[in-house]
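Note sheet for the following structure.
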Amino acid sequence: MKKRAMMRFTALLLCLSCFFLTSCDEDDGKGYVFGYDISSNPGSLDPQYASDRESYLIIGSLFEGLFRIGSDGNAVAAMAESYTVSDDGLTYKFRLKQDRYWIDVNGYEKQVTADDFVFGFRRLFMPETRAPKVSEYFCIKNGKKINSGEITDVSQLGVTADGKYGLIIELEYTQPHFELMLAMPAAMPCNEEYFIAAQGKYGLDAERTPSNGPFYVKSWYYDPWSNNNNNLVLRYSDKYNEHDEVTPLGLNFFIEDDSMPDFEDGTSQSIILSGSKAKDYLGSDYVYDEFYTSVYGVIMNVKSSVFKSEQLRYALYFATDRSAVTMPFGYTAAEGVVPLSVGSYREYAGDKAPMKPDEIKARSSYLKACESIDKSDLHSISILAVQGRDEEIAEALKGVMQQWQAKLGFYCSIAFVSEDEYEEKLAQGDYSLALAKLNGEYNRPEAYLGMFTGNTLKYSAMGDSYAELIAQASSAKDENEEYELCKQAEKMLVSDGRFLPLAYVTEYFISTKNCENINYDAFTGQIDYRNALYFGD
């Protein structure tokens, strides 16, 4: 990588003027442009509306909320200079930093105030925003009622300004991990003046995407009909750098189907790999961190004509012996839903299945299921999987399928489809079985278990008693209570059979050895480049 320039020609043109301005006798690792490949064009850089990981990644470099995610996965103060929490845990009072500004590529400049947070939260709850994460913030006073339309006056939301730099947030009920939630994209500020001027295109192009964080969008080019030169170019914010140093000159995000070529030729300096693809990059030529934040399992469509039968689900559960399945490199047999890097939950809950494999119970349950199921329906079942993502773990899944065949006479196949088709089929309930990779968006067990309470996996969702356990866990008074409630919910989910855990995934965030201070959050997919350094070629 060249200082203040990238190897790729399009990026080089953007950085060339900066290259000739560089003149330092000793390389301190600062002033470089870092590259990184993303797999698809971000859907929206509007924090309240965004939902995909590519958008989250870019938003994390552009916006700064009251908190940010630290290198240990916990929330640390960002825009919040200080804050207090009332004794009952229902009122948060913040003093904001007074040295943060909105900027954009057009030269816009305005100070960030408490009103920007008020407007951001109001947008989050307005029904017309259709914010995908809004339900996670229903703990905020009147938020749920505003979102449902029961209250139409958004000024009744429990988020108010106390002068120019004071912010008060009132909750309906306690939320022990509220600071963590305030670091998520949905809780970012939004300047009302800028939003209105964007005329419905807020966050959809470089000219209408503001920043109050360490970087801003200099350019954004995407041609869906071309695989060449699709990229987002970010440059550091002078206004942010005045008070908190930003060491890179900028970031170049290349929209590529295959990230390996750019990583191997030095166009990008970091990559996320799992399984055997990571094996060759875990030596001394690279630096890496490993995370266990994903879990693979088979989800069952309980609204289908076949798997609405709990006896059939029990049959597959009792017929599955993970200890007899060979796992590929980077995968560990899983008995639970919540993976290993989520707080200390697995240490608390253990990793033993609530019920052991039992061939006799499996056969008995299968015979009972067949009494109420048309056998012709059992001969056309396939397990939905994502092409280009799931092939390696699918080999382990075949070992489970062989157990089903041997113990029950139950046959099925694996159907690989594109990721878009997979998501569409899951959303429409057009599947019987699906190989699912669960990634929590924050570092709590509820982020995984909560997927089975509503729309995320609605055709495999549990009932009201399960949802109540998750709600109680989310408002628990301490971690022990939270973990105990989650343990009960996890046992209920796995014992029901609608999610059959298969493997925990080891994910590696790998960088070239001359990089330092690049921090990756495996839950949100965000990468913190604020203090990134690069030492030589």
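The values are calculated or read from the model by the stated rules, or taken from the named source; none is laboratory data. A quick note: this is a predicted structure, and the numbers were derived from the prediction, not measured. Reconstructed Cβ throughout: ideal geometry from the backbone, glycine too, with neighbour counts over all protein chains shown. When the accessible area is computed, the model is the full protein with side chains, heavy atoms only, and any ligands, DNA or RNA have been set aside. Shrake-Rupley method; radii C 1.70, N 1.55, O 1.52, S 1.80 Å.
Count Lys and Arg as plus one, Asp and Glu as minus one, and take only other residues whose Cβ is under 11 Å from that of A522; the net charge is then -4. In the calculated pair-distance distribution of the range 196-247, the portion above 17 angstrom amounts to 49 percent of the Cα-Cα pairs. Under the combined filter of DSSP loop state and at most 14 neighbouring Cβ atoms within 10 Å, the range 132-226 retains these chymotrypsin sites (Phe, Trp or Tyr not before Pro): Y173, Y222, W225. Could you go through the range 157-174 in sequence order and give the Karplus-derived ³J(HN,Hα) for each residue, using 6.51 cos²θ - 1.76 cosθ + 1.60 with θ = phi - 60°, rounded to whole Hz, and x for Gly and Pro? Using θ = phi - 60°, the values come out as 4, x, 10, 9, 8, 10, x, 6, 10, x, 9, 10, 10, 10, 10, 6, 8, 5 Hz. E359 sits among other residues whose Cβ lies under 13 Å from its own Cβ, and their net charge, with Lys and Arg +1 and Asp and Glu -1, is +2. Helix 419-428 axis versus longest C-alpha principal axis of the chain: approximately 60°, rounded to the nearest ten. In the chain, the calculated helix contribution to ellipticity at 222 nm averages -8000 deg cm²/dmol per residue, counting -39,500 (n - 2.57) for every DSSP H run with n ≥ 4.
Using just the C-alpha positions of the chain as equal point scatterers, what log10 of I(q)/I(0) does the Debye formula give at each q in 0.11, 0.13 1/Å? Taking Cα atoms of the chain as identical point scatterers yields -1.04, -1.35. Annotation for the range 305-335: chymotrypsin sites (Phe, Trp or Tyr not before Pro) lying in DSSP loop with at most 15 further Cβ atoms inside 10 Å of their Cβ are F329.
Evaluated on the range 147-212, the Kirkwood hydrodynamic radius is 14.6 Å, with distances taken between all distinct Cα atoms. Loop-located trypsin sites (Lys or Arg not before Pro) across the range 151-212 with a Cβ neighbour count of 10 or fewer within 10 Å are lacking, with loop assigned by DSSP. Only beta bridges with both residues in the chain are counted; by DSSP, about 85 percent of them are antiparallel.
For K308, the lysines whose Cα falls under 18 Å of its own Cα, not counting residues fewer than eight places away in the same chain, are K368, K375, K425, K458. Taking a Cβ cut-off of under 10 Å around R313, the surrounding Lys, Arg, Asp and Glu residues balance to a net charge of 0, with basic ones at +1 and acidic ones at -1.
The angle between the Cα long axis of helix 114-125 and the main principal axis of the chain comes to about 30°, on a 0 to 90 degree scale. Put the Cα centre of the range 340-388 next to the Cα centre of the range 201-240 and the gap is 45 Å.
Carbon-plus-sulfur fraction of the accessible area of the chain, 1.4 Å probe, in percent? Of the solvent-accessible surface of the chain, carbon and sulfur hold 45 percent. Can you list the aspartates and glutamates whose alpha carbon sits under 17 Å from that of K30, skipping same-chain ones fewer than 8 residues off? Result set, ordered by chain and number: D238, E242, D244, E245, E516, D528, D537.
Modelled this way, with points 7 Å down the Cα-to-C-beta line, the labels at K352 and T332 are 1.8 nm from one another.
Hey, what angle do you get for helix 464-474 against the long axis of the chain, alpha-carbon based, 0 to 90 degrees rounded to 10? Approximately 40 degrees, to the nearest 10. Going Cα to Cα from K407, which aspartates and glutamates come in below 13 Å? Please leave out same-chain ones fewer than 8 positions away. Those aspartates and glutamates meeting the cut-off are D321, D358, E359. With all pairs of different C-alpha atoms in the average, the Kirkwood value for the hydrodynamic radius of the range 296-425 is 16.0 Å.
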